[in-house]
2 protein chains.
Amino acid sequence: MKVSILGHGIVGKGVWEMLRSNQGYEIRNVLVKKGEKTASFMTESFETVLEDDSDLVIECMGGIDPAFEFTSKCLEAGKSIISSNKALVAAHGIDLMNIARRNGKAFLFSAACGGAIPILQNLCLARRTDEILWAGGILNGTTNYILDSMDRRGMSFEDALAEAKALGYAEFDPTADISGLDTLRKIMLISMVAYDVLPNSDYNIEGIQNVSALDFEVAKELGCTIRLVGKCGLAESGRLYAYVQPVLCDMDSAYSGIRSNINLARYEGKNSGLMSFMGQGAGRYPTASAILRDVTSVADGQKQMLTEKCLVGFPYNNSKECERNYFIRLDASTFASQIGSIPVKKVICEKGGSVFAITEAVTVKAMHDLAAELRRHGAKLFFAEKKED
Amino acid sequence: MKVSILGHGIVGKGVWEMLRSNQGYEIRNVLVKKGEKTASFMTESFETVLEDDSDLVIECMGGIDPAFEFTSKCLEAGKSIISSNKALVAAHGIDLMNIARRNGKAFLFSAACGGAIPILQNLCLARRTDEILWAGGILNGTTNYILDSMDRRGMSFEDALAEAKALGYAEFDPTADISGLDTLRKIMLISMVAYDVLPNSDYNIEGIQNVSALDFEVAKELGCTIRLVGKCGLAESGRLYAYVQPVLCDMDSAYSGIRSNINLARYEGKNSGLMSFMGQGAGRYPTASAILRDVTSVADGQKQMLTEKCLVGFPYNNSKECERNYFIRLDASTFASQIGSIPVKKVICEKGGSVFAITEAVTVKAMHDLAAELRRHGAKLFFAEKKED
């Protein structure tokens, strides 16, 4: 197979190395940024790639612009596309699937969710004969590294983030990781593959920007730790729910066992039961290994991971399936003045000027709305779903 | 697709139910045992299946005879085969692959290893572009249920086994589970898929028949528990190693987190890193869900999980890659008289007339040979690999 690659950064270079050492693949062109051409196999001109005789183009540029323009032009020109770019697929996955179908070409994106973990391709296969009740997990290595470091090594948020950056886990601008947006994009991809729905607004998202050392102190007293989890599934109504939020989990739960920058992707099939996949969620070779599995799948004749039914939809986080008890930390003065609006089940303790409590079961939407309302009035608040399993 | 099913037991009935509720599949015949035909879709005659117009036959009979005769005749008659029968595939997988290739038909067997867990198909894909350094895990739900019950609920081996039988996890004759043979067969399948080698003799295998409540008591004092693990991989020489044995693992290892009858299948890819898959390793619907994924793969055009290079080979458990420290329990009198032949690194304690110790690093083969030799002289011995990670 003749292959060209868009991008020669962390992932692109890994793909290039792996393809070179695999027989059966000929690399045509590697697109690099202006001024970064340092070898004859590189080109700074996208037109060179567009006009070469490659059958397959692997996009590892990141970002939406010009990745969308380049990938859609390649598909229109009769080249298949494999992408590791979650921002691109979350924004334009349905468009690219439609262009690919129109041109009879492949469009796969395993590496855009879960790094080396084959969650998307497995969901893709399983959903055709099983009912996927829900799917999600720990899908961002940077935030997991920070939370695990705060928990097991007693680090502050700032120190843990600085270390994650130094180790190359966190981007220079880690906002998308910390805010939960990166996890949300992966949930979008999972939802598209498992449910034919891209939940692109009205979702509930809470990252780890509000977690503190004190939260881990109290969590530990409860025999728990904290993880950032994304999830989507089908409510009884048949509508989709999708959200991202911190979770307070028992030390013997599968979530707590996920250390460092490892990812845990799970789904529950009506027939298969709970399936869990753990592995490297990012990094040069793990991500490149997922891209090469897709290359093999294209060689085997697979064309799409999305069905033609895939559409934009609106998640419904206010259903019975989305009722959770929450662990909350709230500054003592807000707690005292707003006690009437907070569905407290049990106060755990008062510590460092904050009250820690467990709420009654409320929907995800109700909790996120309440948090937004309290913060609008200046409250200092952290909340995490209290997992019961 | 037109499908017939051989067998209507635990798995066969699950497959029948799932296929009936999936559009796109027409069930032709279901072969049942003599005297068990209770509905018109059933037949007691294999010839009826052989002569029907099914494209695909799903074998869920178990056992080797007549399963091998029936599946090879179906392939010769131009029908594809999906099997959940690990004994059959371990004994005749290479034969069936050859017959299938000769006739241009498919032969898949995902459900024969790991139940619902898609370990074989993922290895099948990953090995084509990555180097699989080793593969294996906790692959038998019955023994894991027994070990977990002894550990967490303080049950005796006999009571835990009786409960596993009552819950339908253990067979009426659980010898193949307890002895490690069932795990070994799954390792054989993994090795065939990942390495093109069926290790069919000279392997080292130790089950859980010698584990006692006392072993768990001492393991707990060391902050550990005990699991039964199978593993295969490539030694530096390029030769395959393969074995099954109990493992003493720290409470925060992934193995210890595997509870009840859950399975954990893992592999380490040179590029992907460590990949772990957890899920139901047995049971009607989990196993049927794996068969239905294979049905979908056949519909997509997949023909084989084994390459034509797959051959019988001999594992090599005496290599550097197979050096382990072992946790051993030995009756005090044998320990005293045989001390010269046992590579003791450290004595842990003496308890209930037995000595507990950790050995120096020795190869798997050396430890299994030593155990056989000591038992030949009447020693009461339990041993488990001491995991360092």
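The values are calculated or read from the model by the stated rules, or taken from the named source; none is laboratory data. Not measured: the values here are computed from a predicted model. As a convention, Cβ positions derive from the backbone with ideal geometry for all residues, glycine included, and neighbour counts pool all protein chains shown.
Could you please find all residues in the stretch A:302-332 being assigned to a strand (DSSP E or B), within 14 Å of chain B (Cβ to nearest Cβ) and more than 22 Å from the chain's Cα centre (by Cα)? None - no residue of the stretch A:302-332 is assigned to a strand (DSSP E or B), within 14 Å of chain B (Cβ to nearest Cβ) and more than 22 Å from the chain's Cα centre (by Cα), so the list stays empty. Quick check, is A:N22 of a type outside the set (A, V, I, L, M, F, W, C) and touching a Phe, Trp or Tyr at 6+ places or on another chain (Cβ under 9 Å)? No; evaluated as a whole, the condition is false for this residue. In the stretch A:335-348 there is at least one residue that is buried (at least 19 other Cβ atoms within 10 Å of the Cβ) and touching a strand residue (DSSP E or B) at 6+ places or on another chain (Cβ under 6 Å). Restricted to the stretch A:105-122, and to residues there that are outside any loop (DSSP other than H, G, I, E, B) and within 20 Å of A:G141 (Cβ to Cβ), the residue that is nearest to the other protein chains (Cβ to nearest Cβ) is A:N122.
Would you mind stating whether B:K13 is surrounded by fewer than 23 Cβ atoms within 10 Å (Cβ to Cβ), among the charged types (D, E, K, R) and part of a loop (DSSP other than H, G, I, E, B)? Answer is no for this residue. B:K309 fulfils the conditions (1) loosely packed, with under 14 Cβ neighbours inside 10 Å; (2) without any contact (Cβ under 8 Å) to a residue 60 or more places away in the chain except for a single criterion, (2). Before we move on, is A:I10 within 21 Å of A:F172 (Cα to Cα), within 14 Å of another protein chain (Cβ to nearest Cβ) and not charged (D, E, K, R)? So A:I10 fits the description; yes. I need the full set of residues from the stretch A:123-143 which are of a type in the set (A, V, I, L, M), away from every other protein chain (no Cβ under 12 Å), crowded, with 24+ Cβ neighbours inside 10 Å and not in a loop (DSSP other than H, G, I, E, B), in order please. Residues satisfying the conditions are A:A135, A:I138. Count of the stretch B:27-42 residues, restricted to those that are closer than 29 Å to A:K270 by Cβ and surrounded by 13 or more Cβ atoms within 10 Å (Cβ to Cβ), is 8.
The one condition from (1) among the hydrophobic types (A, V, I, L, M, F, W, C); (2) over 23 Å from A:F172 (Cβ atoms); (3) within 14 Å of another protein chain (Cβ to nearest Cβ) that A:V15 does not meet is (2).
Residues in the stretch B:261-277 include none that are in contact with an Asp or Glu (Cβ under 6 Å, 6 or more places away or on another chain), under 19 Å from B:S110 (Cα atoms) and outside the structural domain of B:I58 (by TED's automatic domain parsing). Scanning the stretch A:122-141 for residues that are acidic (D, E) and out of contact with any Ser or Thr (no Cβ under 9 Å at 6 or more places or on another chain) yields a count of 1.
Conditions (1) within 25 Å of B:C322 (Cβ to Cβ); (2) touching an Asp or Glu at 6+ places or on another chain (Cβ under 7 Å); (3) among the β-branched types (V, I, T), marked per residue:
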{"site": "B:G340", "(1), (2), (3)": "yes, no, no"}
{"site": "B:P343", "(1), (2), (3)": "yes, yes, no"}
{"site": "B:I348", "(1), (2), (3)": "yes, no, yes"}
{"site": "B:A357", "(1), (2), (3)": "yes, no, no"}
{"site": "B:T363", "(1), (2), (3)": "yes, yes, yes"}
{"site": "B:M367", "(1), (2), (3)": "yes, no, no"}
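Checked against (1) assigned to a loop (DSSP other than H, G, I, E, B); (2) touching an Asp or Glu at 6+ places or on another chain (Cβ under 8 Å); (3) at pLDDT 95 or above; (4) among the charged types (D, E, K, R), A:E171 passes all but a single condition, namely (3).
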